[in-house]
Amino acid sequence: MSKLVHQDMETQMTFGERVADKVAQFGGSWGFISLFAAFSSSGWWWNAWVLARHPFDPYPFILLNLVLSTLAALQAPVIH
């Protein structure tokens with residue numbers, strides 16, 4: 001029995017599995033959560049306040065909802 005199971009598994013992983021691991025590692029990190037929160041809130045703020053006269057996604061922010069739902073649908077299987 002090997003004591004270095006992690007190293008044995010890495011040598012047997014395909015390219016797609018290694019990429020999925022890296023994406024899941026970043027997608028589930030606090031860095032990603034912080035960046036995504038900053039990006040989302042700045043976009044919401046820009047749309048609601050700066051473009052108040054002619055917002056590209058008026059309240060109730062249907063486009064924002066679509067983007068967040070799509071991100072969750074794509075990210076959930078990878079992080080799981």
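For the structure I just gave you, tell me whether VAL78 is under 21 Å from the mean Cα position of the chain (by Cα) and either at pLDDT below 85 or among the charged types (D, E, K, R) (or both).
Working: under 21 Å from the mean Cα position of the chain (by Cα): yes; either at pLDDT below 85 or among the charged types (D, E, K, R) (or both): yes.
Against the criterion (under 21 Å from the mean Cα position of the chain (by Cα) and either at pLDDT below 85 or among the charged types (D, E, K, R) (or both)), VAL78 qualifies.
Here is a yes/no grid of residues against (1) aliphatic (A, V, I, L, M); (2) outside any helix (DSSP H, G or I):
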residue: ALA24; (1), (2): yes, no
residue: GLY31; (1), (2): no, no
residue: ALA37; (1), (2): yes, no
residue: SER41; (1), (2): no, no
residue: TRP46; (1), (2): no, no
residue: HIS54; (1), (2): no, yes
residue: ASP57; (1), (2): no, yes
residue: LEU63; (1), (2): yes, no
residue: LEU68; (1), (2): yes, no
**Complete:** When every residue in region 27-50 that is surrounded by 12 or more Cβ atoms within 10 Å (Cβ to Cβ) and at pLDDT 85 or above is compared, the one nearest to LEU64 (Cα to Cα) is SER40
**Message:** Looking only at residues that are aliphatic (A, V, I, L, M) and at pLDDT below 85 in region 1-22, which one is farthest from the chain's Cα centre (by Cα)?
**Reply:** MET1
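The values are calculated or read from the model by the stated rules, or taken from the named source; none is laboratory data. Every value quoted in this text rests on a predicted model; they were computed, and no experiment measured them. Positions of Cβ are generated from backbone atoms using ideal geometry, with glycine treated the same way; all protein chains shown enter the neighbour counts.
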